[in-house]
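The values are calculated or read from the model by the stated rules, or taken from the named source; none is laboratory data. The model shown is predicted, which means the values in this text are computed figures rather than measured ones. Cβ coordinates were reconstructed from backbone atoms using ideal geometry, including for glycine residues, and neighbour counts include every protein chain displayed.
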Amino acid sequence: MKHLTPQIIADITGGRYIGDDNGRNVRVQGAQRDNRDIKPGNLFVCIRGARVDGHKFANTAFESGAACCLTEEEIPGAKGPYVIVESTLLSIRKIGAYYRSLFDIPFIGLTGSVGKTTAKELVAAALSAKFHVLKTLENLNNELGVPLTLLELDETHEAAVIEMGISDFGDMSILAEMVRPDIFIMTKIGYAHLEELGDLNGVLKAKTEAFAYMKPDSIAVMNGDDDLLRAFDTKRQTITFGLGENNDFRVINVKAQDTEAVEFDIVSRSGKFHVRIPSYGSHLPALAPAAAVIGRLLGMTDEEISAGLMSYSPVGGRSNASFTGTITLIDDCYNANPNSVKAALSSLSTLAYRRVAILGDMLSLGAGSDKLHYEIGAFAAECGVDALICCGNEAKFIYDGFRSIGKGEACFYPEKSDLIKALPKLIKKDDAVLVKASNGMKFSELLPYLREI
């Protein structure tokens, strides 16, 4: 049986078990860091955050059915067994790595500066036509989210698709040591976390740390349209995907159906097959071939892969298009860097409506931030944005870049509150409105106001 117990958790972490003997061997399945998400049998991981200390909610977690708690201190009047460790964050990583080692199923890891969440959803959708798949939920792709995801595995799972996000050197090593991917997908090397990583070569170096934790017979699946990825020697079997003709798996005959769907053919050495994805975005054809690669590697037929991709749906805050009754609203405000913003603007440019882009700051871009924001504004003008609305300190440079081309309407608001007041006069009936900025800008706060227009 593939499960944990408080005693096993203590052994793995070198922690101290607290509780009666009957509690040592109770089954522990799954883990949570928020007591409100506890399901019966879960491990509750007490994390000290900047605003909330999880230790204060340990007994509440027990009341909700937690089988065990992982803590850094004693729990007064504990209502269940717990294990005291020096660091709950370091310990949950050890637990995740141990638990992953119990499973002999394909583990697919994904990373990239842009597109990794979409690629994860596409791969999981494709595989779902044949396999029971565990996939990363929401944005649980960091040193805490990855082990929490791994601990959701059970005996019914036949494949795991794990998103791996980083912001600094060494982060990928931490994640890869837990995941140990059998197949590793890299979507793109782009302008993200440059304050820490310096430049694109730094981004490449940080993300490719994963290969040190993969077996020699593991497989790399690389975006062959990315010059840095195509040139990188993975020292193992490598399969390329993308739009370019030199890729092992590529796309032709792309046809977008407004915001409803996109159709295309995936081509490889063994032939081609047709795919229809019921979603919006010009980024989908560039990433779908990666899902086809994984499907083929796991023995799926083209018909199964195509059927699986039909079940794809976007994650909230990522190219999620909907009609409010007045406008077509494109919620892409989960995060932003220059590559992802350009992709979003390219998708917007395919629509036949009045194209409006509400853009905010792209954070953590380092010394070149002003220039990168300016270039986004120029790109927005060149790809046919009819009206640009900018908000934030760095977004002033987006506005300036747009104005330098001399096309379309543009306005700038330093404060979000002023923008919210102005929205009713800025947005017109039947507009297609893109909302995008780094997560720290909290542009999701704009969405309720846009839905009411």
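In the condition set (1) among the polar types (S, T, N, Q); (2) modelled with pLDDT of 95 or more; (3) not assigned by TED's automatic domain parsing to the domain that holds residue 173, residue 111 is compliant with all but (3). Selection over the range 375-390 of residues that are touching a Cys at 6+ places or on another chain (Cβ under 8 Å) and closer than 17 Å to residue 343 by Cβ gives a count of 2. Does residue 389 count as of a type in the set (Val, Ile, Thr), in a strand (DSSP E or B), touching a residue at least 12 places away in the same chain (Cβ under 8 Å) and farther than 18 Å from residue 321 by Cα? Here the answer is yes, as residue 389 does meet what is asked. Screening residue 435 against (1) touching a Cys at 6+ places or on another chain (Cβ under 9 Å); (2) over 25 Å from residue 259 (Cβ atoms); (3) not in a helix (DSSP H, G or I) leaves a single unmet condition, (2). In the range 394-412, is there at least one residue being closer than 19 Å to residue 343 by Cβ, out of contact with any strand residue (DSSP E or B) (no Cβ under 9 Å at 6 or more places or on another chain) and crowded, with 18+ Cβ neighbours inside 10 Å? Checked the range 394-412: at least one residue is closer than 19 Å to residue 343 by Cβ, out of contact with any strand residue (DSSP E or B) (no Cβ under 9 Å at 6 or more places or on another chain) and crowded, with 18+ Cβ neighbours inside 10 Å. Out of curiosity, is residue 12 touching a Lys or Arg at 6+ places or on another chain (Cβ under 9 Å), in contact (Cβ under 8 Å) with a residue 60 or more places away in the chain and either surrounded by fewer than 17 Cβ atoms within 10 Å (Cβ to Cβ) or more than 30 Å from residue 229 (Cβ to Cβ) (or both)? For residue 12, the condition - touching a Lys or Arg at 6+ places or on another chain (Cβ under 9 Å), in contact (Cβ under 8 Å) with a residue 60 or more places away in the chain and either surrounded by fewer than 17 Cβ atoms within 10 Å (Cβ to Cβ) or more than 30 Å from residue 229 (Cβ to Cβ) (or both) - is met. Please work out if residue 83 is at pLDDT 95 or above, among the β-branched types (Val, Ile, Thr) and not in a loop (DSSP other than H, G, I, E, B). Yes: the conditions hold for residue 83. The strands (runs of 3 or more DSSP E) found entirely in the range 243-356 that carry 3 or more residues being closer than 23 Å to residue 223 by Cβ and without any contact (Cβ under 8 Å) to a residue 24 or more places away in the chain are 249-257, 261-268.
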